[in-house]
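Following: one structure in C-alpha cells, then a few remarks.
The values are calculated or read from the model by the stated rules, or taken from the named source; none is laboratory data. These figures come from a predicted structure and were not determined experimentally. Counting neighbours? That spans all protein chains shown, and the Cβs are built from the backbone with ideal geometry, glycine included. For accessibility, only protein heavy atoms count, side chains too; no ligands or nucleic acids. Shrake-Rupley method; radii C 1.70, N 1.55, O 1.52, S 1.80 Å.
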Number of protein chains: 4
Amino acid sequence: MAHVLGQNQYGKAETRVVRIYRDSTRHEIKDLNVSVALSGDLDDVHLTGSNANCLPTDTTKNTVYAFAKEHGIESAEAFGIHLARHFVDNNEPIHRARIRIEEYTWDRIRTPDSSARFIGSEEVGHSFVRNGGEIRTAQITYDGSRFEVITGLKELTVMNSTNSEFWGYIKDKYTTLKEAYDRILATQVTARWAHSWSGEETQPNWERSYTHVRRHLLEAFAETYSYSLQQTLHAMGSRVLNNRAEIDEVRLELPNKHHFLVDLEPFGLKNNNEVYFAADRPYGLIEGTVHREGVVPVIPVA
Amino acid sequence: MAHVLGQNQYGKAETRVVRIYRDSTRHEIKDLNVSVALSGDLDDVHLTGSNANCLPTDTTKNTVYAFAKEHGIESAEAFGIHLARHFVDNNEPIHRARIRIEEYTWDRIRTPDSSARFIGSEEVGHSFVRNGGEIRTAQITYDGSRFEVITGLKELTVMNSTNSEFWGYIKDKYTTLKEAYDRILATQVTARWAHSWSGEETQPNWERSYTHVRRHLLEAFAETYSYSLQQTLHAMGSRVLNNRAEIDEVRLELPNKHHFLVDLEPFGLKNNNEVYFAADRPYGLIEGTVHREGVVPVIPVA
Amino acid sequence: MAHVLGQNQYGKAETRVVRIYRDSTRHEIKDLNVSVALSGDLDDVHLTGSNANCLPTDTTKNTVYAFAKEHGIESAEAFGIHLARHFVDNNEPIHRARIRIEEYTWDRIRTPDSSARFIGSEEVGHSFVRNGGEIRTAQITYDGSRFEVITGLKELTVMNSTNSEFWGYIKDKYTTLKEAYDRILATQVTARWAHSWSGEETQPNWERSYTHVRRHLLEAFAETYSYSLQQTLHAMGSRVLNNRAEIDEVRLELPNKHHFLVDLEPFGLKNNNEVYFAADRPYGLIEGTVHREGVVPVIPVA
Amino acid sequence: MAHVLGQNQYGKAETRVVRIYRDSTRHEIKDLNVSVALSGDLDDVHLTGSNANCLPTDTTKNTVYAFAKEHGIESAEAFGIHLARHFVDNNEPIHRARIRIEEYTWDRIRTPDSSARFIGSEEVGHSFVRNGGEIRTAQITYDGSRFEVITGLKELTVMNSTNSEFWGYIKDKYTTLKEAYDRILATQVTARWAHSWSGEETQPNWERSYTHVRRHLLEAFAETYSYSLQQTLHAMGSRVLNNRAEIDEVRLELPNKHHFLVDLEPFGLKNNNEVYFAADRPYGLIEGTVHREGVVPVIPVA
C-alpha cells in the first residue's frame, strides 16, 4: 500500500530572549521563551533531500532576536504576531506559522535606604526578583490571511480550604471513596482562552486583557461553593466569557491536587480537618471548554 | 452572548501499578503508569452540582488495580482495551474512554555464582534492574463501538556521528548558519503509530508488533544518509509502513539535539569534528506524519 | 583488610504535611515537606538483620503528622525542634536526629465583590494562591544536648540589569572572555544561615528572623555595585551578619545565570545592551561562607 | 562582632563536552558533563573587587574543551586528573581544584542488512543509542600534592520481587506499620567509592575498576536475603571492599522506593503479592558508609 506525507511542521523551539528597556533609570524587562513551527511546501525537504524550500531553524532563532530589537516586545501576543506574519509573508514556501511563547515575569526589588538609584520612594530601577508563580502563555497562528490568538497561563496553584463538597456520585463494585461534605479543593490551573480578533487593523490591548482574565479566573475559583471540580471549572470559564467580550472560548485543565485527611485515631487524636497529606500521584484530572454559542472552538485538547 | 459547555473529560491520571507474576521462581514484572479520561453525559456535573452521572476518579483508579489482578497485564494495549471497554459498557452516562499508558521495562540481574536461585545458567529469578532508556506508550480510545489504538515510545535518544549534511537552504537577511557537509545528527525520538485494528475479534500481538516497529525505527535512523532531519524522519516513518502491515500511520517528533563544533583555533588547536558542545536550548524541532494513502490520520499534533 | 561500618543514618524523606488552622473564618496554612534522618546504635541493623533498635521510617512519618496536630506548626524551625527532641529523647538507640524541612508559602486571593466571606475589605478567608517563588528551608540537628539550627531559602531568582562589571582577571592561553563594563548580573540564590541558639530555654522568633534575613539578602544584592559575583556574595553575607545578631554564619551558592548579549551586527542592528540570550548550561557557580570571627562554621559545603 | 570569609570556591558548572574518536569507521564516543570548582587566594576578589587572582569560569570551560582535544578522554577520572592538575599547577593563586563529572554512556545500534558500513557482522560504526540507565560519576580533588578520586554511579534502579522481610522493629505510640515477611525491595542506587590511589605514578585502570564495582553492587543486591535495606546496603558496600583492593571506602544512598500492596478485598479479590502501588513520596532513605579499618573516610554526607 502506498503512503503519503501528512501534517508536518518544523522550527526552532525554546529560544530564550530577554529584552531590557533602558530609556530611563527605571529599566523594564520582557523575558520570553519562543518556539516557532512552520509548515508549507516542504515535501521535497522530506522526500528528495533538497533543502531549497527550507528556512533553517537557526534563521528563525536569529529572527526572534532581531525582532526583539527592531520591533521591541510590547506583549507576547504582539511579538508573536510580528513573527508569524514575517515568516509567512516573506517566504513563499511557508504557508503557516505557529508561534508559542512562555512569558516569565519579574517584580522590582525595593529597598528602604538611599544608597541606590530610586524611582519614587523605594524601587531600585534596575533590580528585579523573578515572580516564581504562574507562567503566561501565548500561541499565535497565521496562515497568510487570518490570525488565531490563544492566550493562557499555567502553573497557577490555588486552594480553597473549605466550601467544597463531593457526594451523590455513581457507586459501582470498585467504589470505595467516602462522600465528603467539607474537603480541601486544590488545583494547578492551566488555562487557555481564544480571542475573537483575527487580524483586523487594531489589536486588542493584550496586557490589559490578560490581567482581567487572570483576575476573573482567581475570583471565580475563590467565590464558587463547589460540588465538584467540574463545577468550579465551568464557573471559572463562564466568568471569563461573561466579563470579557474579546474572548470567545476558554479551556481549563485542572488536576485535582488531592489533600487527604490523615487518620490520627491510632494515636488517640481527632483530625478536625486540620492535618492533610498532600499527594503527588495519582490525581484526578478535569478538563473542559466553555465557548460562546455559534463559535467553533479552536483550542485543541491536550 | 450565551455560552455552552464544549469538549470535556475527566478521570484519574498517573495511577502507578506494578504487577508481579510469581508462577515460577522466574518472576515477571509489568510496570505501568495509567491515565484514564472519560466523557459523556456530564453537563449536569458541570452546571447543577449534581454528581449523579459522575463515576469518581477514585473508582477509575481502583478499577486499574482490580483489573491488574482480574485480567492481568498481558500488554499495555490489551490492558487498556479491557479498561476502556469496561468504563463505557458499564456506565450508561460514559460514552467515551481514553486510556493512556506509559510502560517502564526491567531487565534481569545476572550473577556468576550459585548463591541465588537461578533460572538457566545465570539469571536471578526475582532481581531486576530498571531499563532507563525509552518509555513505551499506548493510547486506547473506545466510544462504545470502535477502538483506536496508538502505540509509541519516547525518550529514545540516538546519534549518528557522521553521514549527515545540511546545505542548500533558503538564505534571507537573518541567516548566519554555515552549511554543513559532515555533522552530528542527534535526536530524542518521540514516535506514535496507529494500528488498523479497531475492535475485531482477534487482537494483534501487541508485544511483537512493538518490538518490530522499534527495530525498524532504529535501523532506518542508522542507515539513512541524511540531508535534513526531515528526510530522516520520513525514512523512519516509511520504513515502518513498508514493513508492518498492521500499522496505518506513524507520527514522529524529533528535536534536533544540537552538537556544536567547538572553535579551538584560539588555543592553536584544530577541531577535526572531534570536540562538541552539547546544547540544551534552543533546539530545532521537526515533526511529521507518514500515513497510508486513503487512511484518515488520527494521531493528534502535539 | 577488615572493614567497618562508618557514618550512617536513615529516616523518612519528603513527608508532605499541610496544616490548616480554622480558628476563625480567616484560615491559616502551613505547607511543609519534612525529611527525617536518625543515627545512633544501629550496627546490628546493618550487620545481623536484627531490627530491634530500628524505629521504622513509617513511624517517623506518622510522628510528623501527629505532631502537626499535637504541637501545631508555629514555624518550620519550632516544628523541627519538637521532632528532633522527640526522636532522640524517647528512643534510647537513637543518638542524633536531623530534620530537614522545605516550606511552601501561600498568599491570599482577594476579590472585589461581596459573594464570599470577607475578612476586612477584600481577602477571602479560605482561598489561597501558591507563592511560586523561593522555597524556605530549615535544618534542625539534635544530639541529646545541643541543637543546631540552619535556616535558608532557595530558588530565589534575582537580576540586576546594570551596575555589574567584570574585568582585570587572569588571562591564560585558554582565555577568550572579553572584559565587561556593563553586564547583566542574574543568579538563583541558595542561602543558608546558622543561628547562635543551641537549645537555651527561649527560642528566637524564627518567622521574624527569616523575614529580616531575606530582606537584607535582597537589598544587598540590589544595592551592591558589583565587580564580580564573588563580591556580591560577600556583600550579601556581610549584610546579614551586620544586621542580625542571632546569626553567626551565612553560606551562599550563586549560579551565574548568564545573559549573553546577542550579536545583531549581521542583521545591520546595534545591540545597546538590550537583547540577551538567557543560557542554561554551562554556568559559573560561586559559593562562599561568611562567619563571625571565632565561630566554627557548621554549614556543610554542597 | 567582626566577621571573616570562610570556605569559598568557584568555577564553571555543567560544561557538556562530547568527544568523538574517528580513527576508524567504528567511531567511539565519550559524553561528559564537567563541573569545576577552584579555591585558593581569593580574598581580594570577594573583598576589594580586584579580579587579579580570578581565573574566569569561562576559561575553565574553554580548558575543558581544549583538553578534550589535547589529552583526549580516556576515562572520566583520567580527564579530571588532567584538569585538576592543570588548574592548580598553572595558576599560583589557585590552591585546590575539585572536578566533578557525570558520564552518559551510549550503546551501538545494530542492523541486520548491508546498507550501512559494518564492523564485524552487525554494528553500524557511527550510530548510537543513549543508554538511559544509570549515570556514572567521578570527583577528582587536587591540592597541589595529593589527589583524591571518588568514583560513583546514580539513578540505577533495582528491585527484588521477593527475599525481603522487615519485622522486629521498635513499636511506639506512633507505629502503625505491619510487619512484612515477603515484600518487594526496590531502590534507586546512588553509590560513591574512594580509591586508595592519591597521585602515585601509575593510575589504576579506571574503566575496569568501574565495571567490576558496578557488577559487585548489583550481584550483592540480587543475592542478599534482606531483613532491612540497611542490611542490603552493608552487604553491597562490603562486597566491593572484599573484592576490589583499590577501593578503601564505599558510601551508599538508598531511597526505599515503596511498593505498597493494594487492598483488593473490597472488590472480592485476594492480592497474593501480585498488585502493587508504586509510591512517590514520602520514601525511606537509608545512607551509610563502609570503609577499611584505619582509613579516614573522605566521602561527604549528602
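Count of the stretch B:271-285 residues, restricted to those that are open to solvent by 30 Å² or more (accessible area, probe 1.4 Å), free of Cβ contacts under 8 Å to residues at least 12 places away in the same chain and within 14 Å of chain A (Cβ to nearest Cβ), is 2. Confirm whether residue D:52 is within 24 Å of the chain's Cα centre (by Cα), among the aliphatic types (A, V, I, L, M) and surrounded by fewer than 22 Cβ atoms within 10 Å (Cβ to Cβ). Criteria not met by residue D:52.
Inside the stretch D:255-278, residues that are within 21 Å of residue D:233 (Cα to Cα) and either not in a strand (DSSP E or B) or not assigned by TED's automatic domain parsing to the domain that holds residue D:159 (or both) make up a count of 2.
Out of the residues in the stretch D:55-68 that are at the interface with another protein chain (Cβ under 7 Å from one of its Cβ atoms) and touching a residue at least 24 places away in the same chain (Cβ under 8 Å), which is most open to solvent (accessible area, probe 1.4 Å)? Among those that are at the interface with another protein chain (Cβ under 7 Å from one of its Cβ atoms) and touching a residue at least 24 places away in the same chain (Cβ under 8 Å), it is D:61.
Criterion first (over 30 Å from residue C:20 (Cα atoms), of a type in the set (Gly, Ala, Ser) and either within 9 Å of chain B (Cβ to nearest Cβ) or touching a helix residue (DSSP H, G or I) at 6+ places or on another chain (Cβ under 8 Å) (or both)) does residue A:294 satisfy it? It is true that residue A:294 is over 30 Å from residue C:20 (Cα atoms), of a type in the set (Gly, Ala, Ser) and either within 9 Å of chain B (Cβ to nearest Cβ) or touching a helix residue (DSSP H, G or I) at 6+ places or on another chain (Cβ under 8 Å) (or both). Checked against (1) within 22 Å of residue D:221 (Cβ to Cβ); (2) modelled with pLDDT of 95 or more; (3) open to solvent by 10 Å² or more (accessible area, probe 1.4 Å), residue C:9 meets all criteria but (3). The residue that is nearest to residue D:10 (Cα to Cα), counting only those in the stretch C:257-270 that are at the interface with another protein chain (Cβ under 7 Å from one of its Cβ atoms) and crowded, with 17+ Cβ neighbours inside 10 Å, is C:259. Residue C:151: away from chain D (no Cβ under 14 Å), in contact with a strand residue (DSSP E or B) (Cβ under 7 Å, 6 or more places away or on another chain) and crowded, with 23+ Cβ neighbours inside 10 Å, yes or no? Against the criterion (away from chain D (no Cβ under 14 Å), in contact with a strand residue (DSSP E or B) (Cβ under 7 Å, 6 or more places away or on another chain) and crowded, with 23+ Cβ neighbours inside 10 Å), residue C:151 qualifies.
Test residue B:91 against the criterion of being touching a Leu at 6+ places or on another chain (Cβ under 8 Å) and modelled with pLDDT of 95 or more, and give yes or no. So residue B:91 passes the test. The single condition from (1) crowded, with 24+ Cβ neighbours inside 10 Å; (2) over 29 Å from residue A:35 (Cβ atoms) that residue B:254 fails is (2).
Yes or no, residue by residue, for (1) part of a strand (DSSP E or B); (2) within 22 Å of residue A:285 (Cβ to Cβ); (3) in contact with a Phe, Trp or Tyr (Cβ under 6 Å, 6 or more places away or on another chain); (4) β-branched (Val, Ile, Thr):
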residue: A:156; (1), (2), (3), (4): yes, yes, no, no
residue: A:162; (1), (2), (3), (4): no, no, no, yes
residue: A:169; (1), (2), (3), (4): no, yes, no, no
residue: A:187; (1), (2), (3), (4): yes, yes, no, yes
residue: A:191; (1), (2), (3), (4): yes, yes, no, no
residue: A:201; (1), (2), (3), (4): no, no, no, no
residue: A:216; (1), (2), (3), (4): no, no, no, no
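Of the residues D:183, D:239, only one is more than 8 Å from chain C (Cβ to nearest Cβ), farther than 23 Å from residue B:16 by Cβ and open to solvent by 30 Å² or more (accessible area, probe 1.4 Å); which? Result: D:239 is the single residue among D:183, D:239 that is more than 8 Å from chain C (Cβ to nearest Cβ), farther than 23 Å from residue B:16 by Cβ and open to solvent by 30 Å² or more (accessible area, probe 1.4 Å).
For every residue, the table says whether it meets (1) at pLDDT below 95; (2) open to solvent by 10 Å² or more (accessible area, probe 1.4 Å); (3) more than 12 Å from chain B (Cβ to nearest Cβ); (4) on the phi > 0 side of the Ramachandran plot.
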{"position": "A:28", "(1), (2), (3), (4)": "no, yes, yes, no"}
{"position": "A:48", "(1), (2), (3), (4)": "no, yes, no, no"}
{"position": "A:97", "(1), (2), (3), (4)": "no, no, yes, no"}
{"position": "A:110", "(1), (2), (3), (4)": "yes, yes, yes, no"}
{"position": "A:114", "(1), (2), (3), (4)": "yes, yes, yes, no"}
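The single condition among (1) without any contact (Cβ under 8 Å) to a residue 24 or more places away in the chain; (2) under 23 Å from residue B:296 (Cα atoms) that residue B:266 does not meet is (2).
If the condition is being open to solvent by less than 10 Å² (accessible area, probe 1.4 Å), touching a strand residue (DSSP E or B) at 6+ places or on another chain (Cβ under 7 Å) and within 19 Å of residue D:227 (Cα to Cα), then the stretch C:30-46 contributes C:38, C:42, C:46. When restricted to residues that are of a type in the set (S, T, N, Q) and touching a residue at least 24 places away in the same chain (Cβ under 8 Å), the stretch A:175-191 contains 3. Screening the stretch D:286-299 for residues that are assigned to a loop (DSSP other than H, G, I, E, B) and touching a strand residue (DSSP E or B) at 6+ places or on another chain (Cβ under 8 Å) and picking the one that is least open to solvent (accessible area, probe 1.4 Å) gives D:299.
Are any of the residues in the stretch B:164-180 within 13 Å of chain A (Cβ to nearest Cβ), open to solvent by less than 40 Å² (accessible area, probe 1.4 Å) and closer than 13 Å to residue D:128 by Cα? No, every residue in the stretch B:164-180 fails to be within 13 Å of chain A (Cβ to nearest Cβ), open to solvent by less than 40 Å² (accessible area, probe 1.4 Å) and closer than 13 Å to residue D:128 by Cα.
Only one of the numbered conditions (1) without any contact (Cβ under 8 Å) to a residue 60 or more places away in the chain; (2) assigned by TED's automatic domain parsing to the domain that holds residue B:194; (3) closer than 29 Å to residue B:186 by Cβ is not met by residue B:133, and that is (2).
Answer yes if at least one residue in the stretch A:38-52 is without any contact (Cβ under 8 Å) to a residue 40 or more places away in the chain, among the acidic types (Asp, Glu) and under 30 Å from residue A:202 (Cβ atoms), and no otherwise. Among the residues of the stretch A:38-52, not one is without any contact (Cβ under 8 Å) to a residue 40 or more places away in the chain, among the acidic types (Asp, Glu) and under 30 Å from residue A:202 (Cβ atoms), which makes the answer no.
Applying the criterion of being open to solvent by 20 Å² or more (accessible area, probe 1.4 Å) and in contact with a strand residue (DSSP E or B) (Cβ under 8 Å, 6 or more places away or on another chain) to the residues of the stretch C:199-209, the residue that is farthest from the other protein chains (Cβ to nearest Cβ) is C:199. Within the stretch C:172-191, one or more residues are among the hydrophobic types (A, V, I, L, M, F, W, C) and farther than 26 Å from residue D:63 by Cβ.
Looking only at residues of the stretch A:211-234 that are in contact with a His (Cβ under 9 Å, 6 or more places away or on another chain) and aliphatic (A, V, I, L, M), we find that the one that is nearest to the other protein chains (Cβ to nearest Cβ) is A:222.
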